[in-house]
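J.: Would you mind keeping the following structure in view while I ask a few things?
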There are 2 protein chains.
Amino acid sequence: MKHLVRTSKNLGHAIRQARKAKNLTQKELASMSGVWQETISKIENGSGGTKLETVFDLIAALDLEITVTERSKGAPDGLEDIF
Amino acid sequence: MKHLVRTSKNLGHAIRQARKAKNLTQKELASMSGVWQETISKIENGSGGTKLETVFDLIAALDLEITVTERSKGAPDGLEDIF
DNA sequence: TTCGTATATGGTGCTTAGATCATATTATCA
DNA sequence: TGATAATATGATCTAAGCACCATATACGAA
C-alpha cells in the first residue's frame, strides 16, 4: 500500500495501518522504536506538531519508507491511499 | 526525481534540490511557504528536529509530495536518490 | 576587489513535543 | 459480565523548534 501524506492525519493513518498489518500493539511498537506508547497514540490520531525524528523512528521500526517526489499530475494509478 | 528520505539530511537535500530546480531563493520560498528563511537554511542543512508541519509547508510550496510505502526489497529501479 | 545578493549564524522569547508516570476509557474474549 | 489488554487522556518538566531581529559570511557578477 502506498500512502500519500500531506497532513498529520494522513501520516497517522499510514502508521496505524502499517502497525496493524504487522499485528503490533502500540506498546510493542513503542519498545521497538523507542517512541512512547502515548506519543504513538497521539500521532496515529493525527495530532500535529510531531517531530520528524520521531516519525523516522516509527517508519524504520515498521519497515516503511518515505519518499519525496514531484507532485504527480499524471494519471492516478489507483495505488494511492489518501485520507 | 525521487528522494528516499530516512534522515533529516536526506530531507534537506530533497528540499534544496527542488528549490534550486525551481530557481527559488530561500527568501522566496520563505514567503511562499510561511517558513522563515533562517529555518529553511537549517532544514536544508539537515539540522534535525524539524516539525512535520513545517516540512509539509515546504513540500506543498515546492509542489512536492510525500509518500509512505513498505520498504522496497525488490529490485532497485535507479530512480532513487539517496544521500 | 567591490557591490549586491544569498545563505548561514546567533540570540531572545514564546510555545510545544515528548519522556515519564498515573489513570481513564475502550476493546476483547473466555 | 467481569477480567485483561489496548488505547487514550492528562499533568509535570525539560529540551527544543521556530518566529523574529541583527549580523556575519559566502557567493556572483562587473
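The values are calculated or read from the model by the stated rules, or taken from the named source; none is laboratory data. Worth saying up front: this structure is predicted, and the values here are computed from it rather than measured. For neighbour counting, all protein chains shown are included, and Cβ atoms are generated from backbone atoms with ideal geometry for every residue, glycine included. Heads up: the accessible areas ignore ligands, DNA and RNA and are worked out on the full protein's heavy atoms, side chains in. Shrake-Rupley method; radii C 1.70, N 1.55, O 1.52, S 1.80 Å.
J.: Just one of B:T39, B:T67 is more than 16 Å from DNA strand D (Cβ to nearest atom), among the hydroxyl-bearing types (S, T, Y) and at pLDDT 95 or above; which is it?
T.: B:T67
J.: (1) away from chain B (no Cβ under 13 Å); (2) open to solvent by 50 Å² or more (accessible area, probe 1.4 Å); (3) at pLDDT 95 or above: which one isn't true of A:R16, the others all being true?
T.: (1)
J.: Can you pull out the residues in region A:41-56 that are crowded, with 17+ Cβ neighbours inside 10 Å and either touching a residue at least 24 places away in the same chain (Cβ under 8 Å) or of a type in the set (S, T, Y) (or both)?
T.: A:I43, A:E44, A:G46, A:T50, A:T54, A:V55, listed by residue number.
J.: For A:E38, only one of the following conditions fails: (1) within 24 Å of B:G12 (Cα to Cα); (2) within 8 Å of DNA strand C (Cβ to nearest atom). What is its number?
T.: (1)
J.: Kindly indicate whether any position in region B:49-56 is at pLDDT 95 or above and away from DNA strand D (no atom under 16 Å from the Cβ).
T.: Among the residues of region B:49-56, not one is at pLDDT 95 or above and away from DNA strand D (no atom under 16 Å from the Cβ), which makes the answer no.
J.: Kindly provide the set of residues from region B:1-28 that are over 26 Å from A:E65 (Cα atoms) and of a type outside the set (S, T, N, Q), ordered by number.
T.: B:L24, B:K27, B:E28
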